[in-house]
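Down below is the structure, laid out as structure tokens.
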């Protein structure tokens, strides 16, 4: 570790350089700072790329989840991170998020609220604005499709019940799960959340479609209406 201090990467032994270390020992051998160093490519006169990456991680208390939420302005506020480096980091974060979401939907069976949360978290768990999604299910509770219904601001989004039913009917759903996120991190449902859940549930029943749950995703936590007895 101390060998990194006040040196350039070219001064390190070959086996300690992130690129060579990756090629010789595999990507799993790299630390978070070394992975970020590969993305940002170069350091500054004062700090090499790994030191710069460590400074960046330190700014979010070494929490990769918080790192993924940073904006361009927040990234560039760290000394040595310019716009180009910030854009590269944002692109890498987005790719990671999309990879998490690129599952084979037809193979997922929703067995409980936790399963539903793990399907929804990669989609809306880290957003800075509210979005409303539905998980469309067949008779075996197997996922047919996830669909975004609406997108709003920091505190709310408009929900069209007719659009929800259209998506469900088009995909021949027998049941569905509705969901939205709370960027604030507060998992407690509002009175509006409770009312819209009741409205969607009652409308879906007319079409013989069961609404199994409403999941509020708030980062690493979630609230399940079904678990709390609010779907009756």
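Labels on offer are (i) 22.0, 71; (ii) 17.6, 55; (iii) 16.5, 49, and the one holding Rg and Dmax of the Cα atoms in Å computed from this structure is (i). Axis of helix 49-58 versus longest Cα principal axis of the chain: the two differ by about 40°, to the nearest ten degrees.
As a proxy for reagent exposure, ranking 178, 27, 196, 206 by other Cβ atoms within 10 Å from fewest up yields 206, 27, 196, 178. Neighbour counts of other Cβ atoms within 10 Å put 114, 126 in the fewest-to-most order 114, 126. Among 64, 89, 176, sorting on how many other beta-carbon atoms sit within 10 Å of each Cβ, with the fewest leading, yields 64, 89, 176. For the chain, the longest principal axis of the C-alpha atoms and the axis of helix 83-100 are separated by about 40°. From its DSSP helices (H runs of at least four residues, each -39,500 (n - 2.57)), the chain gives a residue-normalised ellipticity at 222 nm of -11500 deg cm²/dmol.
Need the full-extension length gain, residue 163 to residue 69, defined as separation in residues times 0.36 nm minus the C-alpha distance. One decimal, nm.
Numbers: separation 94, 0.36 × 94 = 33.84 nm, distance 2.98 nm.
Length difference between fully extended and current span is 30.9 nm.
Helix 191-206 axis versus longest C-alpha principal axis of the chain: approximately 50°, rounded to the nearest ten. Put a dot 7 Å past the Cα of residue 61, heading toward its Cβ, do the same for residue 206, and the two dots end up 4.8 nm apart.
Distance between the modelled labels on residue 170 and residue 107, one decimal in nanometres: 2.6 nm (7 Å Cα→Cβ projection). Round to the nearest 0.05 the FRET efficiency obtained for residue 90 and residue 25 when R0 = 30 Å and r is the Cβ-Cβ distance. My answer for the efficiency is 0.60.
Taken together, the values in this text are just the output of simple stated rules run on the coordinates, not laboratory data. Everything quoted here is computed from the prediction, not taken from an experiment. Here the Cβ is made from the backbone with ideal geometry for all residues, glycine too, and neighbour counts use every protein chain on show.
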